[in-house]
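> What follows is a structure written as C-alpha cells; I'll ask about it next.
Just so it is clear, none of the values below were taken in a lab; they were calculated from the coordinates. Computed from a prediction, not measured in an experiment: that's the story for all the values here. FYI the Cβ positions are ideal-geometry reconstructions off the backbone, even for glycines, and counts take in every protein chain you see.
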Amino acid sequence: METLEIVKEKTTAVKEENISGSEAVMRALIAEEVDTIFGYPGGAIMPIYDALYDYDNKLKHILVRHEQGSIHAAQGYARTSGKTGVVFATSGPGATNLVTGLADAMIDSTPIVCITGQVFAHLLGTDAFQETDVINITTPVTKWNYQVTDANEILSALAKAFYIAKSGRPGPVLIDITKNAQVQKFDYKGYEKCNHIRSYRPKPFIRKKYIEQAAALINEAKKPFVIFGQGVILGDAEKEFRQFIEKAGIPSAWTVLGLSALPTDHPLNVGMLGMHGNYGPNVLTNECDVLIAIGMRFDDRVTGRLDKYAKQAKIIHLDIDPAEIDKNVQTTIPVWGDCKETLPLLTTLVNKKEHKEWLKKFNDFSKEENEIVIKKEMHPTTNEMSMAEVIDALNELTNGDAVIVSDVGQHQMVACRYTKFNQSRSNVTSGGLGTMGFGLPAAIGAKYGAPQREVVAIIGDGGFQMTIQELGTIMQFGAAVKILVLNNNFLGMVRQWQQLFNDRRYSFVDIQSPDFVAVAKAYNITGQSVNDRKNLKAALKEMLDHKGAYLLEVMVGKENNVFPMVPQGCSVAEIRLK
Amino acid sequence: MNNDNKNQYAPNSSASGGAKGKQEYTITVYTENQIGLLNRIAIMFTRRKMNIDSFNTSPTEVDSVHRFNIVVNETEEVVRKLCRQIEKQVEVLKVYFNTNDEIVWQEMALYKVPADVIATKVKVERLLREKGARVVAIRTDYIVFETSGHREEINALTKALEPYGLIEFVRTARIAIINNSKGFHEKLKEFEALQPGEGIISNEFLNQQDKVFSM
C-alpha cells in the first residue's frame, strides 16, 4: 500500500517528456547510481551508445577488448565496490561472449546487470544479421532475464533488473533490448526503483524457533566449528560475524570466496577449507561436534567425499537461499535468512565462551602443516622460486592492504593460502566456475570499484594468455593495475593432477608464452621479468611504487605442486601433506 | 504452514528412513504469466537429465497466476531439491509436490475410429459405452470419441480398440488438483504483502495486477 502511494506522488511530480528508449536507459542507470559501465558497441546497441555519448560526464564507459572482458571487469567492480556491475554488449556474438561471465557471476553470486542490444522486433526469429536467441541461451546462467521489445517496458525492466541482481542472493541479470525499442519514443513519467516483486522473496522469513535451537546447540557444543563463505561479505555482515565468533569463541575457517571477510591474523581465523585448504580445518571438520556453516554452499571442492563429510557433527546452516539448505549436506538446524540479521540474533543467545583446548588443536595441526609444507614453500632450498615465496614477499610490501585478484590454477590456490588480508572485499577470484582468463579483466574492474586501493592481479602464464588483449583496455583508460604473472611454463594445476593421478603423462600442459614484458611494452605498460630470487623484492617494490599499470613476470619452479591436497573422491580427513 | 499442502520446506519425512524408491510425483508450480518461464522451468529438469512424464500449463482460479502440472518418476529427495530450485526462480510463486494418493487427477484422450466399425460391430459400441466415451464428431468415414480418466483406464481402452482399426489416438498431459489445497487466492495475499510470513492482510491487489509492480 505504502509503495503504491509513493508511486502516485512521484508520477505526478515529474513532468511528462517524450524521450527515446535509449535515453530512458541512461536515466535509469543514473537513477540506480551507476557510475561505471564496461562494454563494447555494435550494430544492435548503437542507439544506446548514441545516447551514452551525451552522458559522458556522468557515466564512465570503459571500452574493453572483448565482451568477456567487460563482464569479468564488471564482476571485479562489483566484488570490490559492493555495487552492481553494469555491462553493455551488442546482439549475437557480443551477447554470446558474455555467457562465460554470466555463468561465473551466477555461481559466485555476483550482482551484474547486462544490457544487450537485439535486432528489430520484427526480425526476431528470422535469422537476421547478428541475431541469436540470447534470452534462451542465457536462461540457465542468469538469475533473471527479459527481452524488451517496447520502449514503455524499459524503465520497469531495468528497475526489476537492478532490484533482482542485488537483493537476496545476488546474481547476474540480462536485459535484451530490441533496436526498435531503443529508438522508439515514449512518454517518460519518471523512474521508479523496484522494491517488491510478489513472486520473489529475496529474504526468507526468519524463524525464531530455529535461532533458539541453533543457539542451544552452540551453547552445548564442546568442539564447535564455524565455516564461512561469501555470504558474510555479500550480506555486509563482517562485523556481525566477528561479534558472533568472538563471543562464542569458535574457530572459523573460510572458503575461497569467504576469504578476507575475517582478517588473516584474527586469532579465531584457522585458515582455508577444501581441496587445497589448510590441514587443521579439513581434518577437524570430521572431529567437531557442531558445524556452523555461514553463507556458504558446501561445494564439492570444500566437502570432498560427501558420505564421509562431518558425519559426527550436528550441522547448523545459515543461508539466505533456502534452496541451499540440505542441498549437499543434511542440516540439523536450518537458519534461513540474511546473516546480517540472523547473526546478531544468534549472538545475543549464545554464551560467552572460549574453546581453548579445541582451538589449540587447530594450532597443533597448523604447526605440523608449517613444518611439512609451508616452511619449504616459503624458503625453498632450490634455485627455482616458489609461488608461495613470491606471495610472502608481496605480503611484506603490501602489509595485507591490497586487493588481490587471482586467476585460476595453482597460483590461485597459493594466493588464497598465503596472502595476508586486513579488510573485507579484498579477494577477487573465480571460485565456483574456475574461469581461466578471469584475472586480468576482473582486476581492471576491481580497480574502478576501489580506485583508492592497490590492486594486484596474480595470474598464471596460461590464464594470462586467455584475456591478454585487455592490456589494451589498461593502455587506453589507464587503470593502475599491478599484474604479477607467475610463470611456470606449464598449465600447472592440470600438470599437477597428471603427475599425481595420471602417472606423469603430461598431456598438452606444456604451454609456451610470448615475451610478456615485450607484449606489455607494446601496450605501453612498463614491466620486467625476474628469475632470480635476489631480485624479487626489489622488483615487487618497483611494481608497487610504479605509478600506473605495471607487469612483473616472475619465473617460478616448473614442477612445483600445491599441497596440502584432498584428492578427488577422498574425505577431507584424508588430506595429503605431500 | 499448518494443514497446508506438502511443500519442499516441510520436515523431511524420508530422512528418518522413509521410502527411498522412485515413484510418481505430481509437481504443481504456481507462476506469473511470463514468456520464457516455460523454458526456465523445463531446463531445471533437463539440466539434471530427468525425464518429464507429463507437462501441462493452465490458468488458475486467479486471473494473473498460471499453473504448471508436471509429472516425474523420482525419489522424494530428488523431487524436494528440484522443487526448491524451481521455487527460487524469480517469477515462480509457489511449488508443491504430491504423491498420487494426495491428488485427484485426470487425463483426456481422443480416439478416431472408422465409422463402419461402429456401425457394424456391436462390441465396439458396448465397449465405448462401458468406458463412458463421448462422441465429439461424426463424419461419414470416421467417428471421434473422447474419454478421460487415469492413465491405466485410457491405456486399457486404447488397447481394446486396437483390433478394430483405431485410426488415431492422442492423450493430454495430466491435470491434477491437490486434495487439501485451498486454492491460490489465500496464498497470494502472503506474496503480495511486502513482509513475508504470518500477517495476512486483505487481498486488495488481487486481480489488479497493474497496481502491483510488474511488467
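> Quick check: the distance between the Cα centres of segment A:325-393 and segment A:31-110, to the nearest angstrom?
If we compute the Cα centre of each part, the gap is 35 Å.
> If eta is 1.306 mPa s and T is 10 °C, what Stokes-Einstein diffusion coefficient results for the protein assembly as shown, Kirkwood Rh from Cα pairs, in µm²/s?
Details: Rh = 29.0 Å.
Estimated diffusion coefficient is 55 µm²/s.
> Okay, next question. Compute the Cα gyration tensor for segment A:460-578, then decide on rounded, prolate or oblate, letting a ≥ b ≥ c be the square roots of its eigenvalues: rounded whenever a/c is under 1.5, prolate when a/b is larger than b/c in the other cases, and oblate in all that remain. Can you show the working numbers first?
Working: a/c = 2.32, a/b = 1.99, b/c = 1.17.
The shape class here is prolate.
> How much net charge surrounds A:GLU371 when only the other residues with a Cβ under 13 Å from the Cβ of A:GLU371 are counted, with Lys and Arg +1 and Asp and Glu -1?
Details: positive: A:LYS367, A:LYS375, A:LYS376, A:LYS578; negative: A:ASP364, A:GLU368, A:GLU369, A:GLU377.
Result for the neighbourhood of A:GLU371: 0.
> Can you pull out the trypsin sites (Lys or Arg not before Pro) in segment A:214-307 whose DSSP state is coil and whose Cβ has at most 13 other Cβ atoms within 10 Å?
Qualifying residues, ordered by number: A:LYS222.
> In segment A:263-357, which GluC sites (Glu not before Pro) are in a loop and have at most 12 other Cβ atoms within 10 Å, using DSSP for the loop call?
Values: sites: A:GLU287, A:GLU324, A:GLU341, A:GLU354, A:GLU357; in loops: A:GLU287, A:GLU354.
Listed in order of number, the matching sites are A:GLU354.
> List the lysines whose Cα lies under 16 Å from the Cα of A:LYS521, skipping any in the same chain that are fewer than 8 positions away.
Of all the lysines, those that pass the test against A:LYS521 - Cα under 16 Å, at least 8 places apart if same chain - are A:LYS482, A:LYS547.
> State, as an integer percentage, the relative contact order of segment B:106-171 based on alpha-carbon contacts under 8 Å between residues 6 or more apart. Show your work: numbers first, answer last.
Numbers: 100 pairs, mean separation 33.5, N = 66.
With pairs under 8 Å counted, the relative contact order is 51 percent.
> Can you give the mean number of other chain Cβ atoms that lie within 10 Å of the Cβ atoms in peptide A:190-203?
Average neighbour count from other chains, rounded to a whole number: 5.
> So for segment A:78-177, averaging the separation of alpha carbon pairs under 8 Å that are six or more residues apart and normalising by length, what relative contact order in percent results? Intermediate results must be reported in sequence, preceding the final value.
Working: 177 pairs, mean separation 36.0, N = 100.
It rounds to 36 percent for segment A:78-177.
> Tell me the net charge near A:LYS447. Cut-off is 11 Å between Cβ atoms, A:LYS447 excluded, with +1 for each Lys or Arg and -1 for each Asp or Glu. Before the final figure, lay out the partial values.
Numbers: positive: A:ARG453, A:LYS482; negative: A:GLU454.
Once all neighbours under 11 Å are counted, the net charge is +1.
> Say the dipole of the protein assembly as shown comes from +1 at the beta carbon of Lys and Arg and -1 at that of Asp and Glu; which of A:ILE245, A:ALA157, A:ILE45 then lies farthest toward its positive end?
Result: A:ILE245, furthest along the dipole toward the positive end.
> Further, regarding this structure: Might you report the magnitude of the Cβ-based charge dipole of segment A:518-578 about its Cα centre, with Lys and Arg at +1 and Asp and Glu at -1, to the nearest 20 debye?
Working: 9 positive and 6 negative charges, 30 e Å.
So the dipole magnitude of segment A:518-578 works out to roughly 140 debye.
> My understanding is that a pair violates if its Cα-Cα distance is over 25 Å; which of A:LYS376/A:LYS537; A:LYS367/A:LYS534; A:LYS83/A:LYS447 do that in this structure? Write down the numbers at each step before the final one.
Numbers: A:LYS376/A:LYS537 19 Å; A:LYS367/A:LYS534 28 Å; A:LYS83/A:LYS447 13 Å.
From the list (A:LYS376/A:LYS537; A:LYS367/A:LYS534; A:LYS83/A:LYS447), the Cα-Cα distance tops 25 Å for A:LYS367/A:LYS534.
> Here is a further query. Between the DSSP loop rule and a limit of at most 10 other Cβ atoms within 10 Å, which chymotrypsin sites (Phe, Trp or Tyr not before Pro) in segment B:104-164 are left?
Details: sites: B:TRP105, B:TYR111, B:TYR142, B:PHE145, B:TYR164; in loops: none.
Of the chymotrypsin sites (Phe, Trp or Tyr not before Pro), not one in the loops of segment B:104-164 has a Cβ with at most 10 other Cβ atoms within 10 Å.
> Could I ask something else about it? In the protein assembly as shown, with Lys and Arg counted as +1 and Asp and Glu as -1 at Cβ, which of these residues, A:VAL113, A:TRP336, A:GLY437, has the Cα nearest the positive end of the dipole, that is, farthest along it?
A:TRP336
> OK, next. Too long at a 18 Å Cα-Cα cut-off: which of A:LYS353/A:LYS420; A:LYS160/B:LYS187; A:LYS223/A:LYS353? Please report the intermediate quantities before stating the final value.
Numbers: A:LYS353/A:LYS420 27 Å; A:LYS160/B:LYS187 23 Å; A:LYS223/A:LYS353 11 Å.
Those over the limit are A:LYS353/A:LYS420; A:LYS160/B:LYS187.
> Cα-Cα pairs above 25 Å in segment A:385-555: how many percent? Don't skip to the end; give the middle numbers.
Values: 3635 of 14535 pairs.
Everything past 25 Å amounts to 25 percent.
> While we're here: Sorted from largest to smallest, which semi-axis lengths in Å does the alpha carbon gyration tensor of segment A:53-133 give for its equivalent ellipsoid, taking the root of 5 times each eigenvalue?
Numbers: eigenvalues 116, 55, 20 Å².
Here the semi-axes work out to 24, 17, 10 Å.
> Within chain A, what's the longest run with no chymotrypsin sites (Phe, Trp or Tyr not before Pro) in a DSSP loop and at most 12 other beta-carbon atoms within 10 Å? Give the range, please. Before the final figure, lay out the partial values.
On the way: sites that count: A:PHE129, A:PHE508.
It runs A:130-507.
> Follow-up question, since we're still on this one. When we measure straight from the Cα of A:LYS58, which aspartates and glutamates land under 19 angstrom away, once same-chain ones fewer than 8 places off are left out?
A:GLU23, A:GLU32, A:GLU33, A:ASP35, A:ASP50
> Given a cut-off of under 8 Å on Cα pairs at least six residues apart, what relative contact order in percent is computed for chain A?
Result for chain A is 15 percent.
> How big is the charge dipole of segment A:215-365 about its Cα centre, in debye rounded to the nearest 20, if each Lys and Arg gets +1 on its Cβ and each Asp and Glu gets -1 on its Cβ?
On the way: 18 positive and 20 negative charges, 95 e Å.
Charge dipole, segment A:215-365, about its Cα centre: 460 debye, nearest 20.
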